[in-house]
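The values are calculated or read from the model by the stated rules, or taken from the named source; none is laboratory data. All values derive from a computational prediction rather than experimental measurement. Cβ placement follows ideal geometry from the backbone for every residue including glycine, while neighbour counts extend to all protein chains displayed.
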Amino acid sequence: MTADQATAVIGVVKAMVSAHTRGVGFTADEPNDELSAVILSASARLLANTSGVVREQMGGLEVQYGSAAFGFTLPELGVLNRYRKMAK
């Protein structure tokens, strides 16, 4: 992993968080502390497994990918949903 990769992933996750909350919790495009924590934890998880592989095997050569390439965890969603404006 390079600093450029980390910066790119953080930017993508930040955009996803902003979209999820519809900008609530952001001031001048900067997230508050709670949303920053979600961005950091989600980015770290994504950087740790960029391939999306959930299972590998060598004998017989088997690879299994997760059902979704990326998603927020339940604790992260708990934080995000406190800021989310629901459509009416």
message: Between a residue in the range 34-46 that is among the aliphatic types (A, V, I, L, M) and any residue that is surrounded by fewer than 16 Cβ atoms within 10 Å (Cβ to Cβ), which pairs come within a Cβ distance under 8 Å, given they are 6 or more apart or on different chains?
response: ALA42/PHE70; ALA42/THR73; LEU46/PHE70
- line: Per the filter on the range 1-29, residues out of contact with any strand residue (DSSP E or B) (no Cβ under 7 Å at 6 or more places or on another chain), within 14 Å of ASN81 (Cβ to Cβ) and not in a helix (DSSP H, G or I) are ARG22, VAL24
task: Hey, can you tell me all the residues within the range 60-88 that are of a type in the set (Lys, Arg) and modelled with pLDDT of 75 or more?
output: ARG82, ARG84, LYS85
Scope the range 1-52; condition within 8 Å of the chain's Cα centre (by Cα) and over 19 Å from THR73 (Cβ atoms); matching residues: none
field: Restricting the range 1-59 to residues that are surrounded by 10 or more Cβ atoms within 10 Å (Cβ to Cβ) and among the charged types (D, E, K, R), the residue that is modelled with the lowest pLDDT
entry: GLU56
